[in-house]
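Below is one structure; the comments refer to it alone.
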């Protein structure tokens, strides 16, 4: 239940980068599965918070990033299956999180 | 004519900036701040109360309590005679740096050594919002089940120490400690782990000792030099 504040931050960042454009038509967001952000909720609030700004009516595009671990022993990447974390390639028990926490505005399209 | 403008900015950058300000203020006042995260009912408030009672002669302690509504938690802590501030998040599922920023002026920071921040009970959102504290601690508890590291890796990965509370009821639950610890160890190798019971006091000493060591290191480093992992 924190998407309203987050959506306002998205708007603020987009407006700051609008670079004198008349209108923002699209926002490209990158969202990791561990970032605790729900796309539909952001889209819902977007219509409300963007009203009356140059970003009103802009399309939100979400690129979802799946959680990905890297085995420190054999260096292969894998997605956790939710039950165990051991490396499926070599059984390694030393891993690092390499993707899944992303939450950023990658770019905007303006005209 | 449509064109693309590269942005590449973390959505939470404003929160991160505010967290840095919190950190500077706490450093300048010489207050070690610890963020306690857990699911609802894991025993965060009980842990704070037990910690206050055990360490109140060694450190000047205060509490900040985050909850959707009510001041039940802060009242419990204030009843021990230490400063306590309640933050009502009004429905938000986590504390963020702005909320903590609002609470700090309500505390006598110059007269404190240790600030225990109780986050909103939730294993998901609190891990995503930096507060500007020095240490993050997870309070797990036996009745939640042994699969939580596997379901909430984001939370288990981002903490500096972990407690497993309610060890006194271990026999009543099918809680496989080895399975639990294996998940934690893979996510967060070498993580300090304290099985304990706030109710009986068993195991509490190891947690208190960790906290004492952190407070000494913080003091020795003079606040700003204290390493954030």
Spin-label point model (7 Å from Cα, Cβ direction): what's the residue A:66 to residue B:216 distance in nm?
4.8
Just checking the output field for A:99-110: average partner chain Cβ neighbours within 10 Å of each residue's Cβ?
4
At a Förster distance of 25 Å, what's the computed FRET efficiency of residue B:3 paired with residue A:16, Cβ-Cβ distance as r, to 0.05?
0.90
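Does the stretch B:53-175 come out rounded, prolate or oblate by the C-alpha gyration tensor, with a ≥ b ≥ c the root eigenvalues, rounded set by a/c under 1.5 and, if not, prolate when a/b is larger than b/c and oblate if not?
Here the stretch B:53-175 falls in the prolate category.
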Sorted by Cβ density within 10 Å, fewest first, the residues A:54, B:228:
B:228, A:54
Helix A:39-49 against the longest principal axis of chain A: what's the angle in degrees, Cα atoms only, rounded to the nearest 10?
20
Shape verdict for the protein assembly as shown, please, from the Cα gyration tensor: rounded (a/c under 1.5), prolate (a/b greater than b/c) or oblate.
oblate
For chain A, built as a Gaussian network whose Cα springs stay under 10 Å, the top-fluctuating residue of A:84, A:30, A:42
A:84
Rounded to the nearest 500 deg cm²/dmol, what is the calculated helix-only ellipticity per residue at 222 nm for chain A, with -39500 (n - 2.57) per DSSP H run of length n ≥ 4?
-7000 deg cm²/dmol
What is the order of B:130, A:26, fewest Cβ neighbours within 10 Å to most?
A:26, B:130
The stretch B:13-217 - percent relative contact order, Cα under 8 Å, separation 6 or more:
25
State the antiparallel share, in %, of DSSP beta bridges confined to the protein assembly as shown, rounding to the nearest 5.
35
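Give the shape of the stretch B:13-217 as rounded, prolate or oblate, defined through the alpha-carbon gyration tensor: a ≥ b ≥ c are the square roots of its eigenvalues, a/c under 1.5 means rounded, and otherwise the shape is prolate if a/b is larger than b/c and oblate if not.
Since a/c reaches 1.5 and a/b is larger than b/c, the shape of the stretch B:13-217 is classed as prolate.
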Restricting to chain B, compute how many DSSP beta bridges are antiparallel as a %, nearest 5.
0
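What is the order of B:216, B:127, fewest Cβ neighbours within 10 Å to most?
Going from sparsest to densest Cβ surroundings: B:216, B:127.
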So for the pair residue B:200, residue B:179, with labels modelled 7 Å out along Cα→Cβ, what separation do we get in nm?
2.3
Put a dot 7 Å past each Cα toward the Cβ at residue A:40 and residue A:84; how far apart are the dots in nm?
3.4
By how many degrees, 0 to 90 and rounded to 10, does the Cα axis of helix A:3-16 deviate from the longest principal axis of chain A?
60
DSSP-defined beta bridges in chain A - what % are antiparallel, rounded to 5:
65
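Readers should treat all values here as calculations from the given coordinates under stated rules, not as data from a laboratory. Values in this document were obtained by computation on a predicted structure and should not be read as measured data. Backbone-built Cβ (ideal geometry, glycine too); neighbour counts: all protein chains shown.
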